Structures are given as structure tokens and as C-alpha cells.
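The values are calculated or read from the model by the stated rules, or taken from the named source; none is laboratory data. Predicted model only: the values in this text are computed from it and were never measured. Virtual Cβ from ideal backbone geometry, glycine too; neighbours counted across all protein chains shown.
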Amino acid sequence: MTGLQNTYTIGVIVDDSGKGDWRPMFKINRRTDYAVRVMLCLARREPGARLPTQHIGKEMQIPRSLLARIIADLARAGLVSTFAGPNGGLELGLPAAAIHLRQIWEAIEGPILISDCLEGNNACPFETACPVNRRWMRLQSLIVHELESITLEELAEEAKRLPGEMPLEAIKGPVFASLGGGR
């Protein structure tokens, strides 16, 4: 997917008209994608590494207009710590091994809910007698389980092994070296 698209499509529904039109079935919000990028940028560094916000935005190609709100949401969830001043910036709020994708998702979008009928509190009049409700519950449970099984540490390690290269400008640049991370 390119940086110009607003969402990632996890599934598609093909219409019955035979035209081949489709619409997204389930989308990951662009802000959530950017939040994962922020977290991955930090997780790929040595533990305790602190990076300036503007550097993360530039390296991970996140518009400045969205970055501040994303960082505020991640900080409110305890996933990042923010530091003001000349040596300020961001660092992971927890070890990368203790952070999973569900935490990042919910920091940005709130609780995962694939259907209003799963909201409880008698949101659906057919809740107890509906066979579809049970299927939605199972699907939601599978999604939640998968998101909880993927840690930030695992993603950072995988990024090192992939044939393409995500930018790691800070490792070679003066910002990272001045923070004690130069090689």
C-alpha cells in the first residue's frame, strides 16, 4: 500500500451485480497505521533510546498535523514517554516485548468492536437468539487474539530480516549519535 491511501483493507466484499465492485470490509485507520510506525521506529532502537518527534515524523513519513495527536494518544495509554527540552523526545513507555498491536490499536481507536450487536447492554433485540451474533463474537475474538499475539519486539526483529529496508537515518545521523546511540 502507498502512503497516499487512507486505510488498509483486510477483507473485501464483492458485490452481487457482477461488476466486480468491492468495498472494504474491515479497515485499519490511517492514524492507527501511523501509531504503529511511531512505535516501530522507537522499538528498532536500543532500549531507552530517545528520539525527537520531528525526526520520527520525517523518518516514518507521518504528517506533522497528525503526529502530535497520535503521540498524545500513545502517551495517555502509557505506550510512550515524552520528554521536553533540548534532549527531549520520545521513548517507549514499556519494553517492546510487553507492547502488542492491540494496545496500539486501542490507544488510537478505542476498544475493538466489529459489530454493534456485540456491544452488550441489550444493544441488539435478538442478541441471545441470533446465530450471527455468535459468529461475530468468534470473529472478534480471533482478531483480538491475533493482535495480542504480535509484539512490538517481534515486529522490530522482523523488520531487520526483511529484504527491503525501512529507513534508519537516525542510527547514522547526528541526532542518534548525540543521544548515545551512534555506532
Kindly evaluate PHE83 against the criterion of being surrounded by fewer than 16 Cβ atoms within 10 Å (Cβ to Cβ), aromatic (Phe, Trp, Tyr) and at pLDDT 80 or above. yes
Being in contact (Cβ under 8 Å) with a residue 12 or more places away in the chain and charged (D, E, K, R) narrows it down to one residue among GLU109, GLU127; which is it? GLU109
Among the listed residues ARG135, ARG102, which satisfies the condition of being surrounded by 11 or more Cβ atoms within 10 Å (Cβ to Cβ), more than 23 Å from ARG31 (Cβ to Cβ), among the basic types (Lys, Arg) and out of contact with any Cys (no Cβ under 6 Å at 6 or more places or on another chain)? ARG135
Does ARG64 satisfy being within 25 Å of GLU157 (Cβ to Cβ) and over 15 Å from the mean Cα position of the chain (by Cα)? no
Of the numbered conditions (1) farther than 15 Å from ALA96 by Cα; (2) in contact with a strand residue (DSSP E or B) (Cβ under 9 Å, 6 or more places away or on another chain), ALA75 satisfies every one except a single condition; which is it? (1)
In the range 46-72, how many are in contact with a strand residue (DSSP E or B) (Cβ under 7 Å, 6 or more places away or on another chain) and not in a helix (DSSP H, G or I)? 5
Which one of TYR8, TYR34 is at pLDDT 90 or above, surrounded by 11 or more Cβ atoms within 10 Å (Cβ to Cβ) and either assigned to a helix (DSSP H, G or I) or of a type outside the set (Val, Ile, Thr) (or both)? TYR34
